[in-house]
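Before any comments, here is the structure.
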Amino acid sequence: MALLEIKNLHAEIDGKEILRGINLTINAGEVHAIMGPNGSGKSTLCHVLGGRDGYEVTQGTITFDGHDLLEMETEERAVAGMLLGFQHPVEIPGVKNIYLLKESLNAKREAQGLDEVDTFTFMKQVRELVASMDMDDAFLHRGVNAGFSGGEKKRNEILQMLLLEPKLALLDETDSGLDIDALKVVSEGINRMRGEERGIILVTHYQRLLNYVEPDFVHVLYQGKIIKSGDKSLAHRLEAEGYQEILEEAS
Amino acid sequence: MRKELPDWLKTAMPETAAAPEAIARTAREQAETLGLPGLRDEEWRWTNLRAIQRGQFSAPIGVGADIEPSIRLPLDNPLRLRFIDGVFEGVPNEIPEGLTLSALADADEDTRQAAFSPTPAPSVENPNDALVTLNTAMAREGVVIDVAANAVIERPIVIEWLDGATESVMSHPRVLVRLGQSSSATLIEHIETVGEQPSWRNSVIVSSIAANAALTHIALGLDGARRLATERTFVSLERDARYHSHNVQLGGQMIRREYDIHVGGSGAHVDLIGLMMPRGKQVLDTHTRITHAAADTTSNEHYRTIADDAGRGIFKGRILIEEDAQRIQAYQSSNNLILSDNAEIDAKPELEIYADDVSCSHGATIGRLDEEALFYLRSRGLQLDEARGLLIAGFAQEVVDEIPLVELRDWLTERVEQRLGERDTADDEKA
Ligand SMILES: Nc1ncnc2c1ncn2[C@@H]1O[C@H](COP(=O)(O)OP(=O)(O)OP(=O)(O)O)[C@@H](O)[C@H]1O
Ligand SMILES: [Mg+2]
């Protein structure tokens, strides 16, 4: 059984159709890259998968780990093992990072029928992860993403992923705007998540990330549809030739 | 149009008052002409005094019973000044050196003169001052707090306004606070309703802070379904004086609180922080007016309102910078959160600047909970209720954090969370 199966997905915002028939299957153990020009619907796809209000799915089905995803609330999707890494992580000044991390982990544990994590084990694990992301402990006690630089926000997204160990990670442009050191740290984090039982979707504009995290499949999203899929060589072609030729081929 | 003074108020006018005779007599006459402020008065556009007008309140008879507040604040050895329905219960024993506490009724003529001559003086043209005038005409009870020069009073001085102990009672207490040069003190108003009865308290605090002295003034309006209050604070600051005000309003049917602050000496600094959380049909209203009358003075104002149900929050902040007051920094922000379709918030900053070398900023925001932040928290597995609660509590926390007393701050953090918790339960009941 596929981890994620999207069939003929159509979705609109404010009556405007953005996703226009997406088919995509992701098996555990696979890394998929989704590329495509600005405005093609990549973030929209991520938001629909995350269950954000305001998007109306007009046709199609999504199955996630055996569940009918469209019947689930955002938080149910999260505790069932989906993690959405935001293109623009939200700043929440009044809520401490450490608090969110703990609540998120406990929400997942509760869904799995486990007790709350004990504080000592939790702090130890979080400190190790913080160090591995080349972040400072002080981040834990600041408001969620509040006043973080772009790169710090993206590291924070990966930190959350590493703690929550999702079955499916959907990372929307986690590599955009990172300097090379940060890109390495972020890529290492993603590679650590990679494994037999997990699926990863990388939404990206750049081959650079894919040099560090080699995808099994690359898809090109254009005007709300996947117009071409291939292996990692497709990303190299896109980088070398741009979208024009591939768009023409597809049409 | 202002409203004529209702008959029950006219007849309640006392023969003798705490104010010096000449002041009291003038005030009685003026009170009749001024009446009560009405909706057409610019300062009363959003809040009306109908509940008072119709209230048929009478002067307290003095229950004298051993009424205690039901809420315990975590304060270190406080000096309690208890008013039950506006009747002063007397000064505590063992007052620290450098502090003098006395009942207003026992004070000498000069002191009473000072208590009824606030700076800035309320002007007769301002309809707003109908309430101060009424207080002057009717005040019989009050307290005088004097801090000697160089005295540092560590123990918090707590005025306990325990309202609503008896049926439909009104009170007009007056408080005088004087800080001598280089002294410091903390004044806390613990405001609580101790009964189910409707009540109206029209209190006035007149304070003066001498050179290099510092007053911390925290007002905690904690509960009270039927409490009506019109509260006025006058503050005047001399050079290098500091005034830190924290105004928390969590309860009451209609609470109108006003601050008039006169920054009269260079180097003086004012902080005005506030949190109002109207719910049900509560109307919580704060008006502040800061006058920078001296050069090189600063003020920092930060108010937040969270309105739920059919609650109404009102904030109006006026900053006036006089012509000769150069090199002023005045910062004001008012951030407001609306949680329900029937809630309403009005926020209005007002800057009047006559000097040219000033650095001023103000901003007011009114909004709903940030949908994107909610989605973010939920995408991490948090339930909708919890995510909402966190965002609301976080919004309040940013002003709670500015309370200088650590234990009180932690206590208030919990109190606010508890209130938000009640909100969730209420929602569950509705569902
Ligand atoms: N709330 C909205 N209302 C109307 N149109 C919207 C809304 N949100 C997004 N869109 C439109 O949907 C389309 C797809 O946007 P989306 O953010 O999914 O693109 P993207 O592929 O992620 O682009 P980028 O590479 O710039 O991140 C765009 O044309 C965008 O303008
Ligand atoms: Mg995008």
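The values are calculated or read from the model by the stated rules, or taken from the named source; none is laboratory data. All values reported here derive from a predicted model rather than from experimental measurement. Note: ideal-geometry Cβ built from the backbone for every residue, glycine included; neighbour counts use all protein chains shown.
Structure values in brief
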{"item": "Test: A:ASN23 is assigned to a strand (DSSP E or B), at positive phi and more than 9 Å from ligand 1 (Cβ to nearest atom)", "result": "no"}
{"item": "Hits in the range A:194-216 (condition: more than 16 Å from ligand 2 (Cβ to nearest atom) and in contact with a Pro (Cβ under 8 Å, 6 or more places away or on another chain))", "result": "A:ARG198"}
{"item": "Qualifying positions in the range B:1-59 - under 14 Å from B:LEU134 (Cβ atoms), touching a residue at least 24 places away in the same chain (Cβ under 8 Å) and among the acidic types (Asp, Glu)", "result": "B:GLU4, B:GLU32"}
{"item": "Residue ID - nearest to A:MET135 (Cα to Cα), chosen from residues in the range A:154-165 that are within 10 Å of the chain's Cα centre (by Cα) and more than 16 Å from ligand 1 (Cβ to nearest atom)", "result": "A:ILE158"}
{"item": "Within the range A:177-203, tally of residues that are within 16 Å of ligand 1 (Cβ to nearest atom) and at pLDDT 95 or above", "result": "3"}
{"item": "Filter result for B:ARG368 (crowded, with 19+ Cβ neighbours inside 10 Å, more than 7 Å from chain A (Cβ to nearest Cβ) and at pLDDT below 95)", "result": "no"}
{"item": "Qualifying residue in the range B:355-377 (condition: in a loop (DSSP other than H, G, I, E, B), over 22 Å from the mean Cα position of the chain (by Cα) and hydroxyl-bearing (Ser, Thr, Tyr))", "result": "no"}
{"item": "Candidate set from the range A:240-251 (those that are free of Cβ contacts under 8 Å to residues at least 40 places away in the same chain and outside any helix (DSSP H, G or I)); member that is surrounded by the most Cβ atoms within 10 Å (Cβ to Cβ)", "result": "A:GLY242"}
{"item": "Residues satisfying the stated conditions in the range A:123-146, i.e. at pLDDT 95 or above and among the acidic types (Asp, Glu)", "result": "A:GLU128"}
{"item": "Residue match in the range A:21-31 (condition: of a type in the set (S, T, N, Q), surrounded by fewer than 22 Cβ atoms within 10 Å (Cβ to Cβ) and facing chain B (nearest Cβ under 10 Å))", "result": "no"}
{"item": "Residues satisfying the stated conditions in the range A:42-63, i.e. surrounded by 17 or more Cβ atoms within 10 Å (Cβ to Cβ), within 14 Å of chain B (Cβ to nearest Cβ) and farther than 19 Å from A:TYR222 by Cα", "result": "A:GLY50, A:GLY51, A:ARG52"}
{"item": "Lone qualifier among A:TYR212, A:TYR206, A:TYR222 - being hydroxyl-bearing (Ser, Thr, Tyr) and away from ligand 1 (no atom under 16 Å from the Cβ)", "result": "A:TYR212"}
{"item": "Residue that is within 11 Å of A:LEU159 (Cβ to Cβ) and among the small types (Gly, Ala, Ser), where the choices are A:ALA131, A:ALA111, A:ALA107, A:ALA146", "result": "A:ALA131"}
{"item": "Selection status of B:ASN342, out of contact with any Leu (no Cβ under 6 Å at 6 or more places or on another chain), surrounded by fewer than 22 Cβ atoms within 10 Å (Cβ to Cβ) and outside any strand (DSSP E or B)", "result": "yes"}
{"item": "Selected residue (criterion: nearest to the other protein chains (Cβ to nearest Cβ)) from residues of the range A:151-174 that are over 21 Å from A:GLU30 (Cβ atoms) and more than 16 Å from ligand 2 (Cβ to nearest atom)", "result": "A:GLN160"}
{"item": "Within the range A:182-239, tally of residues that are out of contact with any strand residue (DSSP E or B) (no Cβ under 8 Å at 6 or more places or on another chain), in a loop (DSSP other than H, G, I, E, B) and surrounded by 20 or more Cβ atoms within 10 Å (Cβ to Cβ)", "result": "0"}
{"item": "Residue among A:GLU17, A:GLU76 that alone is more than 11 Å from ligand 1 (Cβ to nearest atom) and at pLDDT 95 or above", "result": "A:GLU76"}
{"item": "Unique match (being more than 14 Å from every other protein chain (Cβ to nearest Cβ) and either among the acidic types (Asp, Glu) or within 21 Å of the chain's Cα centre (by Cα) (or both)) among B:GLU386, B:GLU414", "result": "B:GLU414"}
{"item": "Selection within the range A:159-171 - in contact with a Gly (Cβ under 6 Å, 6 or more places away or on another chain) and either surrounded by fewer than 19 Cβ atoms within 10 Å (Cβ to Cβ) or closer than 23 Å to B:ASP370 by Cβ (or both)", "result": "A:LYS167, A:LEU171"}
{"item": "Near pairs, Cβ below 6 angstrom, 6+ apart or cross-chain, from the range A:20-47 (touching a residue at least 40 places away in the same chain (Cβ under 8 Å)) to any residue that is charged (D, E, K, R) and within 15 Å of ligand 1 (Cβ to nearest atom)", "result": "A:ARG20/A:LYS225; A:GLY21/A:LYS225; A:ILE34/A:LYS42; A:GLY36/A:LYS42; A:SER43/A:ASP172; A:CYS46/A:ASP172"}
{"item": "Test: residue in the range A:3-12 that is within 16 Å of ligand 2 (Cβ to nearest atom), under 18 Å from the mean Cα position of the chain (by Cα) and part of a loop (DSSP other than H, G, I, E, B)", "result": "no"}
{"item": "Failed condition for A:ARG52, given (1) within 16 Å of ligand 1 (Cβ to nearest atom); (2) out of contact with any His (no Cβ under 9 Å at 6 or more places or on another chain); (3) not in a loop (DSSP other than H, G, I, E, B)", "result": "(3)"}
{"item": "Condition broken by A:THR174, with the remaining ones in (1) under 15 Å from A:MET133 (Cβ atoms); (2) surrounded by fewer than 19 Cβ atoms within 10 Å (Cβ to Cβ) satisfied", "result": "(2)"}
{"item": "Helices (runs of 4 or more DSSP H) enclosed by the range A:74-150 - at least 1 residues per element that are within 13 Å of another protein chain (Cβ to nearest Cβ) and surrounded by fewer than 20 Cβ atoms within 10 Å (Cβ to Cβ)", "result": "A:74-79, A:97-111"}
{"item": "Any hit, the range B:81-94, residues being basic (Lys, Arg), in the same structural domain as B:ALA19 (by TED's automatic domain parsing) and over 18 Å from the mean Cα position of the chain (by Cα)", "result": "no"}
{"item": "Near pairs, Cβ below 7 angstrom, 6+ apart or cross-chain, from the range B:379-398 (touching a residue at least 40 places away in the same chain (Cβ under 8 Å)) to any residue that is part of a helix (DSSP H, G or I)", "result": "B:ASP385/B:ASP424; B:ILE392/B:LEU420; B:ALA396/B:VAL416"}
{"item": "Filtered residues of the range B:294-322 (kept if crowded, with 22+ Cβ neighbours inside 10 Å, of a type in the set (A, V, I, L, M, F, W, C) and over 28 Å from B:GLY251 (Cβ atoms))", "result": "B:ILE319, B:ILE321"}
{"item": "A:SER233, sole failed condition from (1) closer than 21 Å to A:HIS47 by Cα; (2) of a type in the set (Gly, Ala, Ser); (3) away from ligand 1 (no atom under 16 Å from the Cβ)", "result": "(1)"}
